[in-house]
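Reviewing the structure listed below.
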Amino acid sequence: MKRAIRLRGISDPYKGRVWESATLIRVGRLSSLELAIDDSSVSRKHAEVRMGSDGVWHVTDLGSTNGTYVNGVRITGADHPVRFRDVIQFGKVAVLVESAEELSANKPSEQMILSVSAKSSFDDGLRRIAFDSNQMPRVGEQLLALLRAGHHFVHLESEDQLLKSILDDAVSVLDAQRGAIVLAEDEIPGHEPRLDLRALSHGGDDPRGRFHFSKRLAHRCFAKGESLLFSAVQEDRELMSQSVSDGAMSSILCVLLRTPRRKLGILHLDRGYFQQPFNKDDLLLADALAAHVSAGIEAATLLRKQRELFLKTIIMLAQMVELRDEYTGGHTQRVTRYAMLLGEHLGLSDDELELIHIGTPLHDIGKIGIADAILRAPRRLTVEEFEVMQTHTTLGAAYLQSIPELHPIIPIVRNHHERWDGTGYPDRLSREEIPRIARIVAVADAFDAMTSDRPYHPQRQGRPAEEAFAEIEQQSKSQFDPLCVKGFLAIRDPIMDAMRELMPPDPRANSHLGKPAVPTSFKPTVFGIPASILYADQPDEPME
(Lines give C-alpha, C1' and ligand atoms only; values in the text may rest on other atoms or scores of the structure.)
Protein backbone atom coordinates (compact mmCIF):
# COMPACT_ATOMS: atom_id res chain seq x y z
CA MET A 1 0.00 0.00 0.00
CA LYS A 2 1.34 3.41 -0.95
CA ARG A 3 1.82 5.93 1.81
CA ALA A 4 1.59 9.69 1.76
CA ILE A 5 4.74 11.74 1.94
CA ARG A 6 5.30 14.11 4.84
CA LEU A 7 7.76 17.01 4.79
CA ARG A 8 8.75 18.82 7.97
CA GLY A 9 10.41 22.25 7.94
CA ILE A 10 13.79 22.32 9.66
CA SER A 11 14.89 25.89 8.95
CA ASP A 12 13.42 29.15 10.23
CA PRO A 13 10.76 30.47 9.88
CA TYR A 14 9.20 27.19 8.76
CA LYS A 15 10.82 25.03 11.42
CA GLY A 16 8.33 22.45 12.70
CA ARG A 17 5.64 23.03 10.03
CA VAL A 18 4.41 19.91 8.23
CA TRP A 19 3.08 19.34 4.68
CA GLU A 20 1.55 16.03 3.58
CA SER A 21 0.27 14.63 0.28
CA ALA A 22 -0.57 11.29 -1.30
CA THR A 23 0.36 12.40 -4.84
CA LEU A 24 1.97 15.85 -5.29
CA ILE A 25 3.49 18.77 -3.40
CA ARG A 26 4.33 21.84 -5.51
CA VAL A 27 6.86 24.28 -4.02
CA GLY A 28 7.36 27.99 -4.69
CA ARG A 29 6.43 31.54 -3.68
CA LEU A 30 2.94 31.42 -5.25
CA SER A 31 0.25 31.23 -2.59
CA SER A 32 -1.73 28.72 -4.69
CA LEU A 33 0.95 26.03 -4.30
CA GLU A 34 0.77 23.23 -1.74
CA LEU A 35 4.05 24.37 -0.14
CA ALA A 36 4.03 28.16 -0.44
CA ILE A 37 7.29 29.70 0.80
CA ASP A 38 7.57 33.44 1.25
CA ASP A 39 11.36 33.66 0.88
CA SER A 40 13.40 35.60 -1.68
CA SER A 41 15.72 32.61 -2.26
CA VAL A 42 12.74 30.59 -3.58
CA SER A 43 11.44 31.00 -7.14
CA ARG A 44 7.74 31.55 -7.94
CA LYS A 45 7.52 27.95 -9.20
CA HIS A 46 10.56 26.34 -7.68
CA ALA A 47 10.12 22.55 -7.57
CA GLU A 48 7.66 19.73 -7.11
CA VAL A 49 7.70 16.48 -5.12
CA ARG A 50 5.63 13.85 -6.94
CA MET A 51 4.76 10.17 -6.70
CA GLY A 52 6.25 8.54 -9.81
CA SER A 53 4.80 5.78 -11.96
CA ASP A 54 7.31 3.40 -10.37
CA GLY A 55 5.74 3.94 -6.95
CA VAL A 56 8.69 6.01 -5.73
CA TRP A 57 8.59 9.66 -4.65
CA HIS A 58 10.74 12.05 -6.72
CA VAL A 59 11.71 15.71 -6.49
CA THR A 60 12.07 17.80 -9.66
CA ASP A 61 13.60 21.27 -9.95
CA LEU A 62 11.51 23.53 -12.19
CA GLY A 63 14.34 25.76 -13.38
CA SER A 64 14.67 27.68 -10.11
CA THR A 65 17.20 30.48 -9.75
CA ASN A 66 18.84 29.26 -6.56
CA GLY A 67 18.46 25.53 -7.10
CA THR A 68 17.04 22.50 -5.34
CA TYR A 69 19.31 20.28 -3.24
CA VAL A 70 18.97 16.75 -1.82
CA ASN A 71 21.30 16.06 1.08
CA GLY A 72 23.43 19.02 0.09
CA VAL A 73 23.81 18.06 -3.59
CA ARG A 74 22.17 20.24 -6.24
CA ILE A 75 19.88 18.27 -8.55
CA THR A 76 19.16 18.83 -12.23
CA GLY A 77 15.68 19.13 -13.70
CA ALA A 78 15.31 15.33 -14.02
CA ASP A 79 13.32 13.40 -11.42
CA HIS A 80 15.46 12.62 -8.39
CA PRO A 81 14.28 9.86 -5.99
CA VAL A 82 13.81 10.82 -2.35
CA ARG A 83 13.95 8.50 0.60
CA PHE A 84 13.13 8.54 4.24
CA ARG A 85 15.30 11.04 6.16
CA ASP A 86 16.53 12.89 3.06
CA VAL A 87 16.88 16.64 3.48
CA ILE A 88 15.52 18.67 0.57
CA GLN A 89 16.53 22.32 0.28
CA PHE A 90 14.63 24.86 -1.84
CA GLY A 91 16.91 27.89 -2.05
CA LYS A 92 17.67 28.52 1.61
CA VAL A 93 14.64 26.69 3.01
CA ALA A 94 15.16 23.06 4.08
CA VAL A 95 12.65 20.30 4.86
CA LEU A 96 13.08 16.79 6.17
CA VAL A 97 11.43 13.80 4.44
CA GLU A 98 9.79 12.03 7.34
CA SER A 99 7.51 9.44 5.75
CA ALA A 100 8.66 8.87 2.16
CA GLU A 101 9.32 5.28 1.11
CA GLU A 102 10.61 3.54 -1.96
CA LEU A 103 7.64 1.26 -2.67
CA SER A 104 7.49 -1.63 -5.06
CA ALA A 105 5.75 -4.98 -5.18
CA ASN A 106 9.02 -6.74 -4.49
CA LYS A 107 10.26 -4.56 -1.56
CA PRO A 108 9.11 -4.71 2.01
CA SER A 109 8.29 -1.39 3.68
CA GLU A 110 11.23 0.34 5.33
CA GLN A 111 10.92 0.52 9.09
CA MET A 112 10.43 4.17 9.87
CA ILE A 113 11.42 4.14 13.55
CA LEU A 114 14.09 1.88 14.97
CA SER A 115 14.21 1.83 18.77
CA VAL A 116 16.69 -0.65 20.19
CA SER A 117 17.69 -1.24 23.78
CA ALA A 118 20.80 -2.94 25.15
CA LYS A 119 20.14 -4.10 28.67
CA SER A 120 23.52 -5.67 29.23
CA SER A 121 25.52 -6.26 32.35
CA PHE A 122 28.82 -4.60 33.09
CA ASP A 123 30.60 -7.80 32.07
CA ASP A 124 28.66 -7.93 28.78
CA GLY A 125 29.81 -4.43 28.01
CA LEU A 126 33.41 -5.33 28.71
CA ARG A 127 33.21 -8.33 26.36
CA ARG A 128 32.12 -5.98 23.58
CA ILE A 129 35.35 -4.02 23.90
CA ALA A 130 37.22 -6.47 21.67
CA PHE A 131 34.38 -7.96 19.57
CA ASP A 132 31.44 -6.49 17.66
CA SER A 133 27.88 -7.86 17.48
CA ASN A 134 29.01 -10.54 15.00
CA GLN A 135 31.80 -11.65 17.36
CA MET A 136 34.37 -10.29 14.95
CA PRO A 137 37.45 -8.53 16.37
CA ARG A 138 37.11 -4.74 16.37
CA VAL A 139 39.55 -2.99 14.07
CA GLY A 140 40.75 0.47 13.21
CA GLU A 141 39.35 3.59 14.85
CA GLN A 142 36.83 1.71 16.99
CA LEU A 143 39.50 -0.28 18.79
CA LEU A 144 41.76 2.75 19.11
CA ALA A 145 38.95 4.74 20.74
CA LEU A 146 38.39 1.99 23.29
CA LEU A 147 42.10 1.74 24.04
CA ARG A 148 42.41 5.52 24.38
CA ALA A 149 39.52 5.55 26.82
CA GLY A 150 41.41 3.20 29.12
CA HIS A 151 44.53 5.32 28.78
CA HIS A 152 42.68 8.48 29.82
CA PHE A 153 41.74 7.49 33.32
CA VAL A 154 45.22 6.16 34.04
CA HIS A 155 46.99 9.37 33.05
CA LEU A 156 44.53 12.19 33.76
CA GLU A 157 44.06 13.47 37.30
CA SER A 158 41.25 15.94 36.66
CA GLU A 159 37.75 14.52 36.54
CA ASP A 160 36.69 17.19 34.06
CA GLN A 161 39.64 16.41 31.78
CA LEU A 162 38.83 12.71 31.96
CA LEU A 163 35.18 13.19 31.02
CA LYS A 164 36.01 15.58 28.18
CA SER A 165 38.64 13.24 26.72
CA ILE A 166 36.33 10.23 26.87
CA LEU A 167 33.53 12.20 25.25
CA ASP A 168 35.71 13.60 22.46
CA ASP A 169 36.72 10.06 21.51
CA ALA A 170 33.12 8.82 21.61
CA VAL A 171 31.92 11.67 19.37
CA SER A 172 34.75 11.05 16.93
CA VAL A 173 34.49 7.27 16.59
CA LEU A 174 30.68 7.28 16.44
CA ASP A 175 30.52 10.25 14.05
CA ALA A 176 28.15 12.18 16.29
CA GLN A 177 27.35 15.85 15.76
CA ARG A 178 27.27 16.36 19.53
CA GLY A 179 27.92 14.45 22.72
CA ALA A 180 27.24 14.98 26.41
CA ILE A 181 28.03 13.18 29.64
CA VAL A 182 25.53 13.69 32.44
CA LEU A 183 26.19 12.21 35.88
CA ALA A 184 23.75 11.43 38.67
CA GLU A 185 24.12 13.67 41.71
CA ASP A 186 22.37 13.72 45.10
CA GLU A 187 20.90 10.25 44.77
CA ILE A 188 18.25 9.77 47.44
CA PRO A 189 16.38 6.43 47.74
CA GLY A 190 12.86 6.77 46.41
CA HIS A 191 13.61 9.99 44.52
CA GLU A 192 14.61 10.62 40.93
CA PRO A 193 18.28 11.60 40.81
CA ARG A 194 19.44 14.90 39.39
CA LEU A 195 21.40 14.44 36.16
CA ASP A 196 24.00 17.20 35.79
CA LEU A 197 25.76 18.05 32.53
CA ARG A 198 29.48 17.44 33.19
CA ALA A 199 31.03 17.36 29.70
CA LEU A 200 30.08 18.55 26.21
CA SER A 201 31.71 17.90 22.83
CA HIS A 202 30.97 18.78 19.21
CA GLY A 203 32.04 16.65 16.29
CA GLY A 204 32.38 19.39 13.67
CA ASP A 205 30.78 22.77 13.40
CA ASP A 206 28.99 23.72 16.56
CA PRO A 207 25.35 22.62 16.04
CA ARG A 208 22.84 25.39 16.45
CA GLY A 209 20.48 25.35 19.38
CA ARG A 210 20.42 25.99 23.09
CA PHE A 211 20.08 22.36 24.16
CA HIS A 212 22.91 19.86 24.44
CA PHE A 213 21.00 16.72 25.36
CA SER A 214 17.45 15.47 25.88
CA LYS A 215 16.70 15.42 29.60
CA ARG A 216 13.60 13.31 28.96
CA LEU A 217 15.47 10.57 27.13
CA ALA A 218 18.41 10.67 29.56
CA HIS A 219 16.09 10.18 32.53
CA ARG A 220 14.25 7.40 30.69
CA CYS A 221 17.53 5.60 30.00
CA PHE A 222 18.74 6.03 33.59
CA ALA A 223 15.43 4.86 35.07
CA LYS A 224 15.25 1.79 32.81
CA GLY A 225 18.87 0.95 33.53
CA GLU A 226 19.64 0.15 29.89
CA SER A 227 21.21 1.77 26.86
CA LEU A 228 18.72 3.01 24.26
CA LEU A 229 18.81 3.86 20.55
CA PHE A 230 16.30 6.24 18.99
CA SER A 231 16.97 6.19 15.27
CA ALA A 232 14.25 8.59 14.08
CA VAL A 233 13.01 10.78 16.88
CA GLN A 234 10.96 13.02 14.55
CA GLU A 235 8.71 10.07 13.73
CA ASP A 236 7.67 9.59 17.35
CA ARG A 237 5.63 12.43 18.78
CA GLU A 238 6.27 11.08 22.28
CA LEU A 239 10.01 11.49 21.81
CA MET A 240 9.87 14.96 20.27
CA SER A 241 10.68 17.76 22.67
CA GLN A 242 12.03 21.29 22.51
CA SER A 243 15.56 20.06 23.22
CA VAL A 244 15.41 17.50 20.38
CA SER A 245 13.92 19.97 17.90
CA ASP A 246 16.06 22.95 18.84
CA GLY A 247 19.21 20.84 18.86
CA ALA A 248 18.47 19.47 15.37
CA MET A 249 18.71 15.94 16.79
CA SER A 250 17.58 13.31 14.33
CA SER A 251 19.04 10.14 15.85
CA ILE A 252 20.03 9.68 19.51
CA LEU A 253 22.03 7.20 21.58
CA CYS A 254 21.47 7.21 25.34
CA VAL A 255 24.09 4.91 26.83
CA LEU A 256 24.13 3.90 30.49
CA LEU A 257 27.34 4.56 32.39
CA ARG A 258 27.49 1.91 35.10
CA THR A 259 29.72 -0.29 37.22
CA PRO A 260 28.80 -3.52 39.05
CA ARG A 261 28.06 -1.30 42.06
CA ARG A 262 25.77 1.37 40.69
CA LYS A 263 24.48 3.49 37.82
CA LEU A 264 26.63 6.57 37.25
CA GLY A 265 24.92 8.55 34.51
CA ILE A 266 24.39 8.77 30.76
CA LEU A 267 26.54 9.12 27.66
CA HIS A 268 24.28 11.03 25.24
CA LEU A 269 25.20 11.17 21.52
CA ASP A 270 23.16 12.54 18.63
CA ARG A 271 23.34 12.87 14.86
CA GLY A 272 21.75 15.51 12.67
CA TYR A 273 19.43 15.51 9.66
CA PHE A 274 22.24 15.18 7.13
CA GLN A 275 23.74 12.09 8.78
CA GLN A 276 22.81 8.45 8.63
CA PRO A 277 20.92 7.36 11.76
CA PHE A 278 22.68 5.36 14.45
CA ASN A 279 22.22 1.58 14.13
CA LYS A 280 22.43 -1.36 16.49
CA ASP A 281 26.17 -1.81 15.98
CA ASP A 282 26.68 1.83 16.98
CA LEU A 283 24.66 1.20 20.12
CA LEU A 284 26.71 -1.86 21.06
CA LEU A 285 29.98 -0.03 20.40
CA ALA A 286 28.89 2.91 22.56
CA ASP A 287 27.73 0.50 25.27
CA ALA A 288 31.13 -1.22 25.23
CA LEU A 289 32.85 2.14 25.49
CA ALA A 290 30.63 3.09 28.44
CA ALA A 291 31.42 -0.14 30.27
CA HIS A 292 35.12 0.35 29.65
CA VAL A 293 35.31 3.89 31.04
CA SER A 294 32.75 3.70 33.84
CA ALA A 295 35.17 2.34 36.44
CA GLY A 296 37.52 5.25 35.77
CA ILE A 297 34.66 7.74 35.97
CA GLU A 298 33.51 6.26 39.27
CA ALA A 299 37.06 6.44 40.68
CA ALA A 300 37.46 10.05 39.53
CA THR A 301 34.09 10.96 41.05
CA LEU A 302 35.03 9.35 44.36
CA LEU A 303 38.34 11.24 44.37
CA ARG A 304 36.49 14.50 43.71
CA LYS A 305 34.08 13.86 46.56
CA GLN A 306 36.99 12.90 48.83
CA ARG A 307 38.70 16.18 47.90
CA GLU A 308 35.51 18.13 48.62
CA LEU A 309 35.30 16.47 52.05
CA PHE A 310 38.96 17.30 52.62
CA LEU A 311 38.34 20.96 51.76
CA LYS A 312 35.34 21.04 54.11
CA THR A 313 37.60 19.72 56.86
CA ILE A 314 40.14 22.46 56.12
CA ILE A 315 37.40 25.09 56.24
CA MET A 316 36.25 23.68 59.59
CA LEU A 317 39.80 23.95 60.95
CA ALA A 318 40.02 27.53 59.70
CA GLN A 319 36.73 28.32 61.42
CA MET A 320 38.16 26.97 64.67
CA VAL A 321 40.79 29.71 64.46
CA GLU A 322 38.13 32.32 63.77
CA LEU A 323 36.18 31.19 66.83
CA ARG A 324 39.29 31.87 68.91
CA ASP A 325 40.04 35.27 67.41
CA GLU A 326 36.95 37.35 66.75
CA TYR A 327 38.93 39.71 64.53
CA THR A 328 39.54 36.99 61.99
CA GLY A 329 35.84 36.35 61.30
CA GLY A 330 35.72 35.90 57.52
CA HIS A 331 39.43 36.76 57.30
CA THR A 332 40.55 33.42 55.91
CA GLN A 333 37.78 33.41 53.29
CA ARG A 334 38.72 36.87 52.06
CA VAL A 335 42.47 36.23 52.06
CA THR A 336 41.91 33.02 50.12
CA ARG A 337 39.85 34.85 47.49
CA TYR A 338 42.39 37.68 47.18
CA ALA A 339 45.31 35.21 46.96
CA MET A 340 43.55 33.12 44.30
CA LEU A 341 42.83 36.23 42.22
CA LEU A 342 46.47 37.29 42.47
CA GLY A 343 47.76 33.79 41.69
CA GLU A 344 45.57 33.53 38.61
CA HIS A 345 46.69 36.97 37.44
CA LEU A 346 50.35 35.98 37.85
CA GLY A 347 49.80 32.86 35.76
CA LEU A 348 50.44 30.24 38.43
CA SER A 349 50.06 26.60 37.41
CA ASP A 350 46.98 24.64 38.39
CA ASP A 351 49.04 22.79 41.01
CA GLU A 352 50.23 26.04 42.61
CA LEU A 353 46.72 27.49 42.60
CA GLU A 354 45.50 24.31 44.28
CA LEU A 355 48.10 24.79 47.03
CA ILE A 356 46.88 28.36 47.56
CA HIS A 357 43.26 27.18 47.59
CA ILE A 358 44.01 24.57 50.26
CA GLY A 359 46.76 26.30 52.20
CA THR A 360 45.48 29.86 52.57
CA PRO A 361 42.50 28.93 54.80
CA LEU A 362 45.03 27.34 57.17
CA HIS A 363 47.66 30.08 57.11
CA ASP A 364 46.78 31.11 60.70
CA ILE A 365 46.06 27.60 62.05
CA GLY A 366 48.89 28.05 64.56
CA LYS A 367 46.84 30.67 66.43
CA ILE A 368 44.97 27.78 68.01
CA GLY A 369 48.02 27.42 70.25
CA ILE A 370 48.18 31.11 71.28
CA ALA A 371 46.65 32.01 74.67
CA ASP A 372 43.50 34.15 74.66
CA ALA A 373 45.22 36.72 76.86
CA ILE A 374 47.53 37.47 73.94
CA LEU A 375 45.31 36.61 70.99
CA ARG A 376 42.42 38.83 72.18
CA ALA A 377 44.36 41.47 74.12
CA PRO A 378 42.47 44.82 73.89
CA ARG A 379 45.73 46.74 73.89
CA ARG A 380 49.14 46.89 72.24
CA LEU A 381 51.14 43.74 72.90
CA THR A 382 54.41 43.93 74.75
CA VAL A 383 57.58 42.88 72.95
CA GLU A 384 57.50 39.56 74.79
CA GLU A 385 53.85 38.97 73.90
CA PHE A 386 54.49 39.81 70.25
CA GLU A 387 57.29 37.25 70.17
CA VAL A 388 54.77 34.67 71.41
CA MET A 389 52.29 35.78 68.73
CA GLN A 390 54.98 35.26 66.08
CA THR A 391 55.18 31.59 67.01
CA HIS A 392 51.81 30.94 65.35
CA THR A 393 53.73 30.38 62.11
CA THR A 394 55.99 27.67 63.52
CA LEU A 395 53.17 26.16 65.59
CA GLY A 396 51.00 25.88 62.49
CA ALA A 397 53.81 24.26 60.50
CA ALA A 398 54.35 21.77 63.33
CA TYR A 399 50.65 20.88 63.40
CA LEU A 400 50.68 20.11 59.66
CA GLN A 401 53.97 18.20 59.79
CA SER A 402 52.14 15.13 61.09
CA ILE A 403 49.87 15.04 58.00
CA PRO A 404 51.97 14.08 54.93
CA GLU A 405 49.25 15.14 52.50
CA LEU A 406 49.49 18.71 53.84
CA HIS A 407 53.27 19.06 53.62
CA PRO A 408 53.10 21.05 50.32
CA ILE A 409 51.15 23.87 52.01
CA ILE A 410 53.52 24.23 54.98
CA PRO A 411 55.44 27.07 53.23
CA ILE A 412 52.26 29.18 53.27
CA VAL A 413 51.64 28.52 56.96
CA ARG A 414 55.26 28.99 58.05
CA ASN A 415 56.46 31.77 55.76
CA HIS A 416 53.57 34.16 55.08
CA HIS A 417 55.15 36.71 57.46
CA GLU A 418 58.58 36.70 55.83
CA ARG A 419 59.67 39.98 54.25
CA TRP A 420 61.28 40.67 50.89
CA ASP A 421 64.14 42.52 52.67
CA GLY A 422 64.84 39.57 55.00
CA THR A 423 63.63 41.13 58.29
CA GLY A 424 60.48 39.02 58.64
CA TYR A 425 59.84 35.87 60.66
CA PRO A 426 60.29 33.04 61.54
CA ASP A 427 63.22 32.17 59.22
CA ARG A 428 64.30 35.65 58.06
CA LEU A 429 64.16 34.54 54.43
CA SER A 430 64.55 37.18 51.73
CA ARG A 431 63.60 37.71 48.10
CA GLU A 432 63.21 34.46 46.09
CA GLU A 433 64.18 32.40 49.15
CA ILE A 434 60.60 32.95 50.24
CA PRO A 435 58.30 30.43 48.51
CA ARG A 436 56.25 32.21 45.85
CA ILE A 437 52.93 30.95 47.21
CA ALA A 438 53.86 32.43 50.60
CA ARG A 439 54.78 35.78 48.99
CA ILE A 440 51.36 35.89 47.33
CA VAL A 441 49.48 35.08 50.54
CA ALA A 442 51.54 37.70 52.40
CA VAL A 443 50.16 40.50 50.20
CA ALA A 444 46.57 39.22 50.44
CA ASP A 445 46.87 38.75 54.22
CA ALA A 446 48.25 42.23 54.81
CA PHE A 447 45.59 43.89 52.65
CA ASP A 448 42.75 42.19 54.54
CA ALA A 449 44.30 42.92 57.92
CA MET A 450 44.56 46.61 57.05
CA THR A 451 40.95 46.84 55.84
CA SER A 452 39.37 44.80 58.68
CA ASP A 453 37.98 46.11 61.97
CA ARG A 454 38.97 44.75 65.40
CA PRO A 455 35.59 44.03 67.06
CA TYR A 456 37.13 43.81 70.55
CA HIS A 457 39.02 47.11 70.19
CA PRO A 458 36.93 50.02 68.83
CA GLN A 459 39.99 52.20 68.16
CA ARG A 460 41.25 49.78 65.48
CA GLN A 461 38.80 50.22 62.63
CA GLY A 462 39.59 49.01 59.17
CA ARG A 463 41.32 51.48 56.89
CA PRO A 464 39.90 52.62 53.53
CA ALA A 465 40.78 50.27 50.70
CA GLU A 466 42.62 53.01 48.79
CA GLU A 467 44.91 53.57 51.76
CA ALA A 468 45.58 49.84 51.96
CA PHE A 469 46.44 49.69 48.26
CA ALA A 470 48.75 52.69 48.71
CA GLU A 471 50.53 51.01 51.63
CA ILE A 472 50.94 47.77 49.66
CA GLU A 473 52.57 49.82 46.89
CA GLN A 474 54.79 51.68 49.38
CA GLN A 475 56.05 48.41 50.89
CA SER A 476 57.14 47.01 47.51
CA LYS A 477 60.77 45.78 47.59
CA SER A 478 60.87 46.07 51.38
CA GLN A 479 58.03 43.98 52.81
CA PHE A 480 56.53 42.52 49.63
CA ASP A 481 57.69 40.93 46.38
CA PRO A 482 57.52 43.76 43.80
CA LEU A 483 55.99 41.44 41.17
CA CYS A 484 53.25 40.46 43.60
CA VAL A 485 52.61 44.11 44.40
CA LYS A 486 52.42 45.04 40.72
CA GLY A 487 49.97 42.18 40.09
CA PHE A 488 47.84 43.05 43.12
CA LEU A 489 47.48 46.67 42.05
CA ALA A 490 46.58 45.51 38.53
CA ILE A 491 43.57 43.57 39.84
CA ARG A 492 42.29 46.34 42.07
CA ASP A 493 38.73 46.13 40.69
CA PRO A 494 38.28 42.34 41.19
CA ILE A 495 39.76 42.71 44.71
CA MET A 496 37.24 45.43 45.53
CA ASP A 497 34.39 43.33 44.16
CA ALA A 498 35.45 40.40 46.35
CA MET A 499 35.84 42.73 49.34
CA ARG A 500 32.29 44.07 48.96
CA GLU A 501 30.93 40.54 48.58
CA LEU A 502 32.73 38.99 51.55
CA MET A 503 32.86 41.76 54.16
CA PRO A 504 30.43 41.36 57.10
CA PRO A 505 26.95 42.85 56.50
CA ASP A 506 27.14 45.02 59.64
CA PRO A 507 27.69 48.57 58.32
CA ARG A 508 29.93 49.30 61.32
CA ALA A 509 32.17 46.46 60.17
CA ASN A 510 32.58 47.60 56.59
CA SER A 511 31.84 51.30 56.57
CA HIS A 512 35.47 51.89 55.57
CA LEU A 513 34.64 50.55 52.11
CA GLY A 514 33.11 53.91 51.32
CA LYS A 515 35.58 56.18 53.15
CA PRO A 516 37.61 58.56 51.04
CA ALA A 517 41.33 57.90 51.04
CA VAL A 518 43.31 60.12 53.43
CA PRO A 519 46.95 59.25 52.69
CA THR A 520 48.36 62.10 54.81
CA SER A 521 47.04 60.53 58.04
CA PHE A 522 47.96 56.98 57.12
CA LYS A 523 50.49 55.25 59.39
CA PRO A 524 52.94 52.56 58.19
CA THR A 525 51.70 48.99 58.33
CA VAL A 526 52.88 46.77 61.15
CA PHE A 527 52.68 43.41 59.43
CA GLY A 528 55.91 41.48 59.81
CA ILE A 529 57.91 44.43 61.17
CA PRO A 530 59.58 43.67 64.56
CA ALA A 531 57.81 45.22 67.52
CA SER A 532 61.06 46.62 68.87
CA ILE A 533 61.21 48.91 65.83
CA LEU A 534 57.61 50.12 65.55
CA TYR A 535 56.15 49.89 69.04
CA ALA A 536 58.93 50.56 71.53
CA ASP A 537 57.67 54.08 72.10
CA GLN A 538 53.96 53.15 72.17
CA PRO A 539 53.57 50.27 74.66
CA ASP A 540 50.02 51.17 75.63
CA GLU A 541 48.47 50.81 72.16
CA PRO A 542 47.13 47.56 70.73
CA MET A 543 49.30 45.82 68.21
CA GLU A 544 49.20 42.86 65.78
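What residues qualify as long-range amide H neighbours of residue 68, i.e. H under 5 Å apart, gap of 5 or more or another chain, H built at 1.01 Å from N?
75
Tell me whether the range 341-387 comes out rounded, prolate or oblate; compute the Cα gyration tensor, take square roots of the eigenvalues as a ≥ b ≥ c, and use a/c under 1.5 as the rounded threshold.
Prolate, since a/c reaches 1.5 and a/b exceeds b/c.
State the answer as a single residue: which of 257, 292, 303 lies farthest towards the positive end of the charge dipole of the range 248-311, with beta carbon charges of +1 for Lys and Arg and -1 for Asp and Glu, about the Cα centre.
It is 303.
By its C-alpha gyration tensor, with a ≥ b ≥ c as the square roots of the eigenvalues, how is the range 359-442 shaped: rounded for a/c under 1.5, else prolate for a/b larger than b/c, else oblate?
oblate
Kindly identify the range 402-450 as rounded, prolate or oblate by the Cα gyration tensor criterion: order the square roots of the eigenvalues as a ≥ b ≥ c, call it rounded if a/c is under 1.5, otherwise compare a/b with b/c, prolate if a/b is larger, else oblate.
It is oblate, given that a/c is not under 1.5 and a/b is not larger than b/c.
Order the peptides 50-56, 394-400 from the highest to the lowest mean number of other Cβ atoms within 10 Å of their residues.
Highest to lowest by the protection proxy: 394-400, 50-56.
Report, in whole Å, the centroid distance computed from the Cα atoms of the range 362-381 and the range 1-71.
Their Cα centres are 82 Å away from one another.
Please list 473, 226 from largest to smallest accessible area, probe radius 1.4 Å, with all protein chains kept in place.
My answer, sorted largest first, is 473, 226.
Mind ranking 391, 68 by accessible surface for me, highest first, 1.4 Å probe?
From most accessible down to least: 391, 68.
Kindly sort 427, 196 by accessible area of their heavy atoms, largest first, with the probe set to 1.4 Å.
I get 427, 196, largest accessible area first.
Ignoring ligands and nucleic acids, what accessible area does residue 345 show with a 1.4 Å probe (Å², nearest 10)?
100
What number comes out for accessible area per residue over the range 1-98 if the probe is 1.4 Å? Units Å², please.
49
How large is the dipole of the range 335-485 about the Cα centre if only Lys and Arg carry +1 and Asp and Glu carry -1, each at its Cβ, rounded to the nearest 20 debye?
Roughly 500 debye, rounded to the nearest 20.
Going by average Cβ density within 10 Å per residue, which order do the peptides 378-387, 7-16 take, highest to lowest?
7-16, 378-387
The values are calculated or read from the model by the stated rules, or taken from the named source; none is laboratory data. As the structure is a computational prediction, the values presented were derived from the model and not from experiment. For neighbour counting, all protein chains shown are included, and Cβ atoms are generated from backbone atoms with ideal geometry for every residue, glycine included. Only protein heavy atoms, including side chains, enter the accessible area calculation; ligands, DNA and RNA are left aside. Shrake-Rupley method; radii C 1.70, N 1.55, O 1.52, S 1.80 Å.
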